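The values are calculated or read from the model by the stated rules, or taken from the named source; none is laboratory data. What you see is a predicted model, and the numbers here were worked out from it, not measured in a lab. Using ideal geometry, Cβ is built from the backbone for each residue, glycine included, and neighbour counts are taken over all protein chains shown. Keep in mind that these areas ignore ligands, DNA and RNA; they rest on the heavy atoms of the full protein, side chains included. Shrake-Rupley method; radii C 1.70, N 1.55, O 1.52, S 1.80 Å.
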Amino acid sequence: MAFMLVMIFPISYFKIKNKFTLWFWQIIKWVERDKNLKMPARQAFSLAIGMLISSLIFDEKTLQISIISTAVYDGFATIFGILFGKHKFPWGKSLEGTIGGIVFNIAALSLITSLSYALLISIFVAFVENFSRSDKWFLDDNLIIPIFTGIFVKFFIHKICLF
């Protein structure tokens, strides 16, 4: 995290290009979406900050659920949306991506919690993902999914279940 904030963030934000930063820009060229080149690696920074905040305020079990949900739901929803997304919501996400994210997130979370809680958490994560629009709200899903999932688990799921 410190390396990202001290080294990588300034390179990205100030667009520092020289022989020492060539490796960074090569990686960005390979992995970054064209629409994100205005602020390269913004999503990675958002994810790191979301995970850092979550790790500072939540217990270990809640943090595990937040990390798994962010990684699994967001990853599989994106893959399924790109490969199979035929039914688009007005905000650009797809029904197929949402369902794919929910299914795989349930499978992953059911390894550490009950199936019913995995379902509740996955539906909540899908809601957060679908309504987090960085172009409208300036909040990247990578930042708010771990934090909102942790809040949901801590204050709603913990109240009705003992992990």
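Enter the accessible area per residue of segment 42-89 (Å², integer; probe 1.4 Å; all protein chains in place).
53
What ³J(HN,Hα) values, in whole Hz, does the Karplus curve 6.51 cos²θ - 1.76 cosθ + 1.60 give for segment 84-93 when θ = phi - 60°, with x put for Gly and Pro?
10, x, 10, 10, 8, 7, x, 8, x, 6
How much of the accessible area of segment 1-109, in percent, comes from carbon and sulfur atoms when a 1.4 Å probe is used?
Looking at segment 1-109 in its full context, I get 72 percent from C and S.
Helix 141-152 versus the longest principal axis of the chain: what is the Cα-based angle in degrees, 0 to 90, to the nearest 10?
30
Counting other Cβ atoms within 10 Å, which trypsin sites (Lys or Arg not before Pro) in segment 1-93 have at most 10 and lie in a DSSP loop?
Counting only loop positions with at most 10 other Cβ atoms within 10 Å, the trypsin sites (Lys or Arg not before Pro) in segment 1-93 are K19, R33, K38, K86.
222 nm [θ] for the chain, helices only, -39500 (n - 2.57) per DSSP H run of 4+, per residue, to 500?
-20000 deg cm²/dmol
Counting residues in the chain as N, plug N into 2.2 N^0.38 Å and put the Cα Rg over that result.
1.11
Over 32 Å between C-alpha atoms is what I'm after, so list which of K15/K86; K17/K86; K38/K93; K29/K88; K19/K86 land there.
Table pairs above 32 Å Cα-Cα are K15/K86; K17/K86; K19/K86.
Under 5 Å between amide hydrogens, which residues at least 5 positions from S94 or on another chain qualify, with H placed 1.01 Å from N in the peptide plane?
F89
Just to be sure I understand: with springs between alpha-carbon atoms less than 10 Å apart, which residue in E96, E129, E32 has the highest mean-square fluctuation in the Gaussian network model of the chain?
E32
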